[in-house]
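S.K.: Take this structure first; my questions come after.
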Amino acid sequence: MNAAFFIDAIITVVAVTTPILLAATGELVVEKSGVINLGVEGMMLIGAITAFAVAFDFGPDLGDFAPWFAVVCAAAAGAASSMLFGLLVLTLGSNQVATGLALTIFGIGLSSLIGAGYVGMTVPSFDSVFPDWLVADPLGRVLFGYSPLVYFALIMVLAVGWFLNRTRSGLVLRAVGENDLSAHSIGYPVIRIRYAAIAFGGALAGVGGAYFSMVITPMWAQQMTAGRGWIALALVVFAGWRAGRLLAGAYFFGILMTLELYAKASGFSFLPSQFWAAMPYLMAVVVLALMSARNVNRSDAPACLGRPFLPSS
Amino acid sequence: MSLLTRRHFVRTAAVGLAAPALLRGARAAEPLKVGFVYLGAIGDYGWTWSHDQGRKQLVAALKGQVVANYVENVKEDASAIPVMKDLAQQGNKLIFTTSYGYMDQTLEAAKQFPDVKWEHCTGYKRADNVGTYNSRFYQGRAVTGTIAGMMSKTNTIGFVGSFKIPEVVMGVNAFTLAAQAVNPKITTKLVMIDTWFDPAKEAAAAETLANLGCDVIAQHVDSPAVLQVCEKRKIYGFGYGADMSRFAPKAHLTASLDLWGPYYISRAKAVLDGTWKPDDTWWGFKEGILGVAPYSKAVPDNVRAAADKIIADTKAGSYEVFTGPISDQSGKERVPNGERMKDADLLVMDWYVKGVQS
């Protein structure tokens, strides 16, 4: 067990954690504004197929620029699909939980439909953009050897934390999530702020999905996110809606998942393997159940989470 | 006068309409409609793609006598039953359900359509109109295991598996036994990821195995993620079910191929002849249901020769990878020297051989 062993393990943990971190950061902003969007899984898949399709179709023309463009398109597609959710929930006042689930189902179906023509294809992996000499030794690999999306995820979660806690706009967003009627009476455009938050969440979920089809396994396969969207949702609650804890929680999940694989590969899994496999989802269910239990004093949750905004004026 | 004319007209019209129907009866019999229920998409270049290749061969070989339909992406739950019933109602008289998870659904649909012949792939439940068919995938593992044993430099080979069911366990064991036969120092590190399909987890499992020193990795999961990781880490891997070299040109040494065509042709012929019986078929290299993809440039000549010998000897019947002495992980001898394991024991195999680290 030398340094190289730990470095390889860290690199695996980062790869596992990043997509969940991206989607969860986006959902954090959405929920802080008072809306719960359960459509993360669907938006991630839409982002995954969009990124892959763009990279595959325009790759030869755009060369090195292709993966960046693909990720931007994935973000746009995620945002667009979330806007559909926003329209139904904010303007038409439909139930947020049901609409979010519908968005997930829609995303799964739409991505499978679009992706049908791309099964069995592959694109170049969106790898580290740092020069080779920097990535040559193990220390270089563990610091600079990641896809740009990894650094983007880290920057985003820190930026979101700073935005929510240290800026005026972040304060307004939090106010909208805590007491929408008061914010409305002061004069803040509650609906518009929530639309913006939802779009941001959709964009990051799309980028999280793109990580699957561009970095981890550069290909498209139906439902390739395999439930990571649900883990991201649970992570937001698990982190108590705080960005710092979100970062720690995401890496905690990532370490657990990697630990499971190492334990199995080394012959040390004293727990049945099915338990390991079920654990992230069990945790997700437990956490989501706690969240919906009204008598639990969840003072961390934005007070207006899930409740439609119905101004009397 | 007008009545007579009308009656005459009606009579003539009736004869005119009836004539084609009578003539139709005299024409050749309608082609046999064959249905296929697929787990995934045809374009997966893996499990479902191979079944569809078999379907295409069937239609080509029995042109004019057979018409084939298929349904893709059918989940292994209750929603499969209406799909199967629908195929039966459309007039398909021979239906292949191509995944283990369709077992009970096939039996359910078969009860309601007793005049349709059903064939369930890799299952074990039969009925008067339900047969099962399987392929000796482990024979392909013996070939890839031999190659792995000869080409591994770290003496550690990896296996990314799905569930601990006999089909997968047989594969792990055959892979390990064949590798140990050419390199007694071989150990196999096994990771079961408890799903047939999760590309990110398959990739993470492969990365973990590579981190722990494996330099050849086999898989029993449904995406080429493991091979992509092998390519990235500059180690070797094998395709499973179909040639997956497009995803890993340098890493992909060879692949075991599922060749369902010959079986589908024989069963369709049996239905056309009227000789179809519910059977339990378990074919292998000899019968042509299993094949091996071309070796990549990285496979040296002596390794190719060894692998080809395994295939030839298996076809001749002189080689069987599950020949004793075989001990399990605790060291207990399960198969005595020289004895071959029986099919019945293979089909319930739930133990790993010595050298598998699970």
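The values are calculated or read from the model by the stated rules, or taken from the named source; none is laboratory data. Small disclaimer: the values here were computed from a predicted structure and weren't measured. Heads up, the Cβs are rebuilt from the backbone with ideal geometry, glycines too, and the neighbour counts pull from every protein chain shown.
S.K.: Within region B:246-277, which residues are part of a loop (DSSP other than H, G, I, E, B) and crowded, with 16+ Cβ neighbours inside 10 Å?
M.R.: Answer for region B:246-277, where residues must be part of a loop (DSSP other than H, G, I, E, B) and crowded, with 16+ Cβ neighbours inside 10 Å: B:A248, B:A251, B:L259, B:W260, B:W276.
S.K.: Related question: Looking only at region B:231-238, decide whether some residue is touching a Cys at 6+ places or on another chain (Cβ under 6 Å) and either part of a helix (DSSP H, G or I) or facing chain A (nearest Cβ under 10 Å) (or both).
M.R.: No.
S.K.: Moving on to the next point. Taking region A:60-87 as the region of interest, how many residues are buried (at least 17 other Cβ atoms within 10 Å of the Cβ) and without any contact (Cβ under 8 Å) to a residue 12 or more places away in the chain?
M.R.: Summing the residues that are buried (at least 17 other Cβ atoms within 10 Å of the Cβ) and without any contact (Cβ under 8 Å) to a residue 12 or more places away in the chain in region A:60-87 gives 1.
S.K.: Mind checking which residues of region A:8-33 are over 8 Å from the mean Cα position of the chain (by Cα) and within 14 Å of chain B (Cβ to nearest Cβ)?
M.R.: Narrowing region A:8-33 to residues over 8 Å from the mean Cα position of the chain (by Cα): A:8-18, A:28-33.
Those that are over 8 Å from the mean Cα position of the chain (by Cα) and within 14 Å of chain B (Cβ to nearest Cβ): A:D8, A:A9, A:I10, A:I11, A:T12, A:V13, A:V14, A:A15, A:V16, A:T17, A:T18.
S.K.: When you go through A:V119, A:V172, A:V123 one by one, which is the residue that is modelled with pLDDT of 95 or more, surrounded by 14 or more Cβ atoms within 10 Å (Cβ to Cβ) and of a type in the set (V, I, T)?
M.R.: Working: A:V119 fails: modelled with pLDDT of 95 or more; A:V123 fails: modelled with pLDDT of 95 or more.
From the options A:V119, A:V172, A:V123, the qualifying one is A:V172.
S.K.: When both residues are 6+ apart or on different chains and their Cβ atoms are under 9 Å apart, which pairs have a first residue that lies in region A:150-161 and is in contact (Cβ under 8 Å) with a residue 40 or more places away in the chain, and a second that is aromatic (F, W, Y)?
M.R.: What qualifies is A:V150/A:Y211; A:A153/A:Y211; A:V160/A:F200.
S.K.: Here's another thing I want to ask about it. Does region B:114-127 include one or more residues that are more than 15 Å from B:Y38 (Cα to Cα) and of a type in the set (A, V, I, L, M, F, W, C)?
M.R.: yes
S.K.: Can we say B:A242 is more than 27 Å from A:T258 (Cα to Cα), at the interface with chain A (Cβ under 10 Å from one of its Cβ atoms) and touching a residue at least 40 places away in the same chain (Cβ under 8 Å)? Working first, answer last.
M.R.: Working: more than 27 Å from A:T258 (Cα to Cα): yes; at the interface with chain A (Cβ under 10 Å from one of its Cβ atoms): yes; touching a residue at least 40 places away in the same chain (Cβ under 8 Å): yes.
So B:A242 passes the test.
S.K.: Scan region B:149-180 residue by residue and report those that are more than 14 Å from chain A (Cβ to nearest Cβ) and free of Cβ contacts under 8 Å to residues at least 40 places away in the same chain.
M.R.: Passing the criteria: B:G149, B:N155, B:A179.
S.K.: Residues that are more than 12 Å from chain B (Cβ to nearest Cβ), at pLDDT 95 or above, closer than 19 Å to A:I198 by Cβ and surrounded by 24 or more Cβ atoms within 10 Å (Cβ to Cβ): does region A:51-59 have at least one?
M.R.: Checked against the condition, which is being more than 12 Å from chain B (Cβ to nearest Cβ), at pLDDT 95 or above, closer than 19 Å to A:I198 by Cβ and surrounded by 24 or more Cβ atoms within 10 Å (Cβ to Cβ), region A:51-59 yields no hits at all.
S.K.: Kindly list the number of the only condition in (1) of a type in the set (A, V, I, L, M); (2) crowded, with 24+ Cβ neighbours inside 10 Å; (3) modelled with pLDDT of 95 or more that fails for B:M192.
M.R.: (3)
S.K.: So which residues in region B:26-69 are within 14 Å of chain A (Cβ to nearest Cβ) and not small (G, A, S)? Give the steps one after another, and end with the answer.
M.R.: Going residue by residue through region B:26-69, those that are within 14 Å of chain A (Cβ to nearest Cβ) are B:38-50, B:52-53.
Correct list: B:Y38, B:L39, B:I42, B:D44, B:Y45, B:W47, B:T48, B:W49, B:D52, B:Q53.
S.K.: Something else about it: Got at least one residue in region A:183-193 being in contact with a Gly (Cβ under 7 Å, 6 or more places away or on another chain) and either within 13 Å of chain B (Cβ to nearest Cβ) or modelled with pLDDT under 95 (or both)?
M.R.: As a first pass, look at region A:183-193 and keep what is in contact with a Gly (Cβ under 7 Å, 6 or more places away or on another chain): none.
For region A:183-193, residues in contact with a Gly (Cβ under 7 Å, 6 or more places away or on another chain) and either within 13 Å of chain B (Cβ to nearest Cβ) or modelled with pLDDT under 95 (or both): absent.
S.K.: Please go through (1) within 14 Å of chain A (Cβ to nearest Cβ); (2) in contact with a Ser or Thr (Cβ under 9 Å, 6 or more places away or on another chain) for B:A206 and return the number of the only condition it doesn't satisfy.
M.R.: Condition not satisfied by B:A206: (2).
S.K.: Let me ask you something else. Here is a list of conditions, (1) over 27 Å from B:Y124 (Cβ atoms); (2) of a type in the set (A, V, I, L, M, F, W, C); (3) in contact with a Gly (Cβ under 6 Å, 6 or more places away or on another chain), and B:A316 meets all of them except one; can you say which number that is?
M.R.: If we test B:A316 against (1) over 27 Å from B:Y124 (Cβ atoms); (2) of a type in the set (A, V, I, L, M, F, W, C); (3) in contact with a Gly (Cβ under 6 Å, 6 or more places away or on another chain), just (3) comes out false.
S.K.: Let me ask something else. Could you please let me know if A:T91 is touching a Gly at 6+ places or on another chain (Cβ under 9 Å) and among the polar types (S, T, N, Q)?
M.R.: Against the criterion (touching a Gly at 6+ places or on another chain (Cβ under 9 Å) and among the polar types (S, T, N, Q)), A:T91 does not qualify.
S.K.: Among B:K75, B:K111, B:K63, which is surrounded by fewer than 14 Cβ atoms within 10 Å (Cβ to Cβ) and either in contact with an Asp or Glu (Cβ under 7 Å, 6 or more places away or on another chain) or under 18 Å from B:I42 (Cα atoms) (or both)? Write out each step before concluding.
M.R.: Working: B:K111 fails: either in contact with an Asp or Glu (Cβ under 7 Å, 6 or more places away or on another chain) or under 18 Å from B:I42 (Cα atoms) (or both); B:K63 fails: either in contact with an Asp or Glu (Cβ under 7 Å, 6 or more places away or on another chain) or under 18 Å from B:I42 (Cα atoms) (or both).
The match here is B:K75.
S.K.: A further question follows. Would you point out the residue of region B:211-228, among those that are aliphatic (A, V, I, L, M) and buried (at least 24 other Cβ atoms within 10 Å of the Cβ), that is nearest to the other protein chains (Cβ to nearest Cβ)?
M.R.: Filtering region B:211-228 down to residues aliphatic (A, V, I, L, M) leaves B:212, B:216-218, B:221, B:225-227.
Narrowing the set further to residues that are buried (at least 24 other Cβ atoms within 10 Å of the Cβ) leaves B:216-218, B:221, B:225-227.
Working: B:V216: 14, B:I217: 11, B:A218: 14, B:V221: 11, B:A225: 4, B:V226: 9, B:L227: 10 Å.
Only one residue tops the list, namely B:A225.
S.K.: Test of understanding: among A:A205, A:A159, which residue is at pLDDT 95 or above, under 23 Å from the mean Cα position of the chain (by Cα) and surrounded by 15 or more Cβ atoms within 10 Å (Cβ to Cβ)? Even if it seems obvious, please write down each step before you answer.
M.R.: Details: A:A159 fails: surrounded by 15 or more Cβ atoms within 10 Å (Cβ to Cβ).
Matching residue, one of A:A205, A:A159: A:A205.
S.K.: Now for a separate question. So for region A:210-229 (the condition being surrounded by fewer than 24 Cβ atoms within 10 Å (Cβ to Cβ), within 14 Å of chain B (Cβ to nearest Cβ) and either without any contact (Cβ under 8 Å) to a residue 60 or more places away in the chain or assigned to a helix (DSSP H, G or I) (or both)), does at least one residue qualify?
M.R.: yes
S.K.: Could you grab me the full set of residues in region B:208-230 that are part of a helix (DSSP H, G or I) and touching a Leu at 6+ places or on another chain (Cβ under 8 Å)? Steps first, please.
M.R.: So in region B:208-230, the residues part of a helix (DSSP H, G or I) come out as B:208-211, B:225-230.
The one that is part of a helix (DSSP H, G or I) and touching a Leu at 6+ places or on another chain (Cβ under 8 Å): B:T208.
S.K.: Could you identify the single residue in A:A289, A:A263 that is within 14 Å of chain B (Cβ to nearest Cβ) and modelled with pLDDT of 75 or more?
M.R.: Numbers: A:A289 fails: within 14 Å of chain B (Cβ to nearest Cβ).
Answer to the check: A:A263.
S.K.: Kindly indicate whether any position in region B:181-197 is assigned to a helix (DSSP H, G or I) and either within 12 Å of chain A (Cβ to nearest Cβ) or under 23 Å from the mean Cα position of the chain (by Cα) (or both).
M.R.: So in region B:181-197, the residues assigned to a helix (DSSP H, G or I) come out as B:181-182.
Applying the additional criterion that residues be either within 12 Å of chain A (Cβ to nearest Cβ) or under 23 Å from the mean Cα position of the chain (by Cα) (or both) yields none.
No; the residues of region B:181-197 include none that is assigned to a helix (DSSP H, G or I) and either within 12 Å of chain A (Cβ to nearest Cβ) or under 23 Å from the mean Cα position of the chain (by Cα) (or both).
S.K.: While we're here: Name the residue that is farthest from the other protein chains (Cβ to nearest Cβ), counting only residues in region A:117-139 that are small (G, A, S) and in contact with a helix residue (DSSP H, G or I) (Cβ under 7 Å, 6 or more places away or on another chain). Talk me through it step by step, then tell me what you get.
M.R.: Keep residues of region A:117-139 that are small (G, A, S), which gives A:117, A:120, A:125, A:128, A:136.
Now narrow it down to the ones that are in contact with a helix residue (DSSP H, G or I) (Cβ under 7 Å, 6 or more places away or on another chain): A:120, A:125, A:128.
On the way: A:G120: 4, A:S125: 7, A:S128: 12 Å.
That would be A:S128.
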